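Bear in mind that the values in this text are calculations on the coordinates, not laboratory data. Quick caveat, the model's predicted, so the values are computed rather than measured. All Cβ positions, glycine included, derive from the backbone under ideal geometry; neighbour counts span all protein chains shown.
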Amino acid sequence: MTTATAQPPPVVAMLNRKGGVGKSSCCQHLGGAFARSGKRVLLVDMDPQSSLTQGFFGPQATEAMARHETLVALFDDACDPDPERVIRPTPFDGLFIAPGSNDLDSFNVPDPQETGEYQNALRTFLKEAKGRFDIVFIDCPPNLHLASWNALLAADAVVIPLQGEDYGAQGITHVQRAIDLALTRANPDLRLAGYLLTMVQKRLGVHLAYEQQLRQLYGDDVFAGMVPLAKDFKEAVAARAPLSHYKPRCAAAKVMAAIADELAARLDRLRAEKPRFLYLGNRAGVGPEADELRRAS
């Protein structure tokens, strides 16, 4: 897992409009894999459900955090969004978190492009903070409101975790269009790191069929590695630990380490690639984001 020291640390958003596809889990376990390899990792919990934060500290400690100690500070004018105050270490070496809060719900509004300076709150925060880390993961809520929009404007790359079945894969086109919109309006360097299949059971024909279909549609944009459905993930979350530290020799931990390696290689490759549209209509030059890009060029 190599991150070029001469380059700024990559910021990776885990985004899907669908809930329950493994965004928080991927942030926790991939973050743990990078940290175990010696990297300094920042996890940013932009989901008002705060599952990622609870995954390290538990629900009671998470609820007890003051607003100014969480990412609410980025949006609440009564707070000072000081990274020194917001970012805290987890119990694991090299792994840090900017905690989420249920109070983020009040600020996670729809139509985020109309929120003025609040669109850039996370980008401004990370501009000050990310230099101390080797990689940053942003956990997004299951919608495309202000929290996710902030992530898209702050990120260098997006990973789209999804399950290989109807409900788990719904809404991909909406996510693609949101990424395209961020690309044309405010983040011209945003790129897709890839589609990551999660909770895969290879014995299920429907999962194998969806994997094949996804690879036919998106080719190399689909991660070669897939996150299995394994009890070790649930046990690690119950133990408030990333799998890399809870049970590092288990098969699932080795899979996550391999996916972390693949992600690092993808991020290195993306630095040399030009951003591109994801939504088919925009790639064909007929979508609204394509029109915006033409007007701007």
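With no solvent and one equal point scatterer per Cα, compute the Debye intensity ratio I(q)/I(0) for the chain at 0.11, 0.12, 0.15 Å⁻¹ and report its log10, rounded to two decimals.
For the requested q values the scattering log ratios are -0.61, -0.73, -1.19.
Evaluate the relative contact order of the range 11-296 (contact order divided by residue number), counting alpha-carbon pairs under 8 angstrom at least 6 apart; express in whole percent.
Dividing the mean separation by the residue count of the range 11-296 yields 24 percent.
Which residue, S25, S37, S101, tops the fluctuation ranking in a GNM of the chain built on C-alpha contacts under 10 Å?
Of S25, S37, S101, the most mobile in the Gaussian network model is S37.
At a threshold of 8 angstrom on Cα-Cα distance, excluding pairs fewer than six apart, so keeping six or more, what relative contact order does the range 172-297 reach in percent?
That works out to 31 percent.
Calculate I(q)/I(0) for the range 200-264 by the Debye formula, one identical point scatterer on each C-alpha and no solvent, and give its log10 at q = 0.13, 0.14 Å⁻¹ to two decimals.
-0.43, -0.49
By Kyte-Doolittle mean hydropathy of at least -0.5 and Cα axial length of at least 24 Å, which whole DSSP H helices of the chain are selected?
The answer, listed by residue number, is 251-270.
Averaged across orientations, what area in nm² does the convex hull of the alpha carbons in the range 1-121 project?
8.4 nm²
Taking K18 as the anchor, which aspartates and glutamates have their alpha carbon closer than 20 Å to its alpha carbon, excluding any fewer than eight residues away along the same chain?
Of all the aspartates and glutamates, those that pass the test against K18 - Cα under 20 Å, at least 8 places apart if same chain - are D45, D47, D105, D111, D139, E165, D166, D180, E211, D221.
Of the chain, which part is the longest with no trypsin sites (Lys or Arg not before Pro) in a loop (DSSP not H, G, I, E, B) and with at most 10 other C-beta atoms within 10 angstrom?
It works out to 1-202.
Mind listing P(r) for the range 53-155? All alpha-carbon pairs, 5 Å bins, whole percents.
2, 12, 24, 26, 21, 11, 3, 0
Show which lysines lie in cross-link reach of K39 when reach means a straight Cα distance below 16 angstrom and same-chain residues fewer than eight apart are skipped.
K130
Any lysines with Cα under 16 Å of the K202 Cα? List them, leaving off those in the same chain fewer than 8 positions away.
Straight-distance partners of K202: K231.
With +1 on each Lys and Arg Cβ and -1 on each Asp and Glu Cβ, and nothing else charged, work out how big the dipole of the chain is about its Cα centre, in Debye to the nearest 20.
1100 debye
What Kirkwood hydrodynamic radius do you get for the range 239-297 when you take the inverse of the mean 1/r over all pairs of distinct Cα atoms, in Å?
Hydrodynamic radius (Kirkwood, Cα pairs) of the range 239-297 is 14.8 Å.
Between R283 and L208, 0.36 nm times their residue separation minus their Cα-Cα distance comes to what?
24.2 nm
Give, as a single signed number, the net charge of other residues whose beta carbon lies under 9 Å from the beta carbon of L192, with Lys and Arg counted +1 and Asp and Glu -1.
+1
When the Cα centres of the range 24-74 and the range 226-271 are compared, how far apart do they sit, in Å?
Using only Cα atoms to place each centre, the spacing works out to 16 Å.
Go ahead and run the numbers for FRET between L217 and R269, Cβ-Cβ distance against an R0 of 22 Å, rounding to 0.05.
0.60
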